[in-house]
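Data block below; observations after.
The values are calculated or read from the model by the stated rules, or taken from the named source; none is laboratory data. Everything quoted here is computed from the prediction, not taken from an experiment. Here the Cβ is made from the backbone with ideal geometry for all residues, glycine too, and neighbour counts use every protein chain on show. Side chains included, ligands, DNA and RNA excluded: accessible areas come from the protein's heavy atoms. Shrake-Rupley method; radii C 1.70, N 1.55, O 1.52, S 1.80 Å.
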Amino acid sequence: MEVKTTALPGVLVLKPRRFADSRGYFVETYNQRGLAEAGVSAQFVQDNQSFSAKAGTIRGLHFQLPPAAQTKLVRALRGSIFDVAVDLRQGSPTFGRWIGETLTASGGEQLLIPRGFAHAFCTLEDDAEVAYKVDDFYAPKCDSGLIWNDPDLSIDWPIDPASVILSDKDAKLGSFKAFASPFRYEAASP
């Protein structure tokens, strides 16, 4: 597995090896031992999948609050997405910063988003399917999020903001400035 670090420590782009022949390809999309070798200790307990009919659909910025915070491992099953992580960890040198990565079904890229980060994605094609693993179960009382177009975050979405498709829930999410983050940064020891 190819592992690429990002500008947000802990957020990784993973690209599993594909074995192709005349029939198509085989890929091992998840391997706990391989992730452990890359420094990932998450034990995934739930798989989620979404389908978005239209390009320009944004889902997020979502996260779960402690004690049910989640690490996510995200990939596109069909089409492509612009996947975003925002650092919500108080005391982090990258607090309030975001990264965005394009994930494609054809390329097989995955984004690992640790606990303490908000997550969102924007579909870049019609009929996009996304799957992600989480390391804690869905907990409605811990469900939270931030508005996708928060001016303090200034996420550079690759679509026309006037054409964004949102759920009613996502259209009402709060601002980053008003969010009192319970997440704390823990620097890695030398």
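Some values worked out for this structure:
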read-out	value
Rounded to whole Hz, the Karplus (6.51, -1.76, 1.60) HN-Hα couplings of region 174-180, x for glycine and proline	x, 8, 5, 4, 7, 7, 8
Net charge over other residues, Cβ less than 15 angstrom from the Cβ of Asp152 (K, R count +1; D, E count -1)	-1
Cut-off under 5 Å, modelled amide H: who pairs with Thr71 long-range	Arg115, Asp135, Asp136
Å² per residue, accessible surface of the chain at 1.4 Å	52 Å²
Interchain or long-range residues, amide H under 5 Å from Ser92's placed H	Tyr185
Selected from Pro182, Ala128, Asn48, residue furthest toward positive end of dipole (the chain; charges at beta carbon)	Pro182
Surface accessible to a 1.4 Å probe, Glu129 within the full protein complex, Å²	40 Å²
Residues whose placed amide H lies under 5 Å from that of Leu124, excluding near-sequence neighbours	Gly56, Ser80, Ile81, Phe82
Net charge contributed by nearby residues that have their C-beta within less than 12 Å of Val84 (K/R +1, D/E -1)	-2
Electrostatic dipole magnitude of the chain [Cβ: Lys, Arg +1; Asp, Glu -1; Cα centre; debye, to 20]	360 debye
With every protein chain in place, region 2-178: carbon and sulfur % of accessible area (1.4 Å)	50 percent
Cα gyration tensor shape of region 1-93, rounded if a/c is under 1.5, else prolate or oblate by comparing a/b with b/c	oblate
³J(HN,Hα), Karplus 6.51/-1.76/1.60, whole Hz, each residue of region 157-167, x for Gly, Pro	5, x, 9, 6, x, 6, 9, 5, 10, 10, 7
Given Lys141/Lys177; Lys54/Lys141; Lys54/Lys172, the pairs whose alpha carbons are separated by over 23 Å	Lys54/Lys141
Mean projected area in nm² (Cα convex hull; one quarter of hull surface) for region 86-153	6.1 nm²
Hz values of 3J(HN,Hα) by residue in region 134-139 - Karplus curve (6.51, -1.76, 1.60), Gly and Pro given as x	10, 9, 8, 6, 4, 10
Leading residue at positive end of dipole, the chain (Cβ point charges), from Ala20, Ile58, Pro158	Ala20
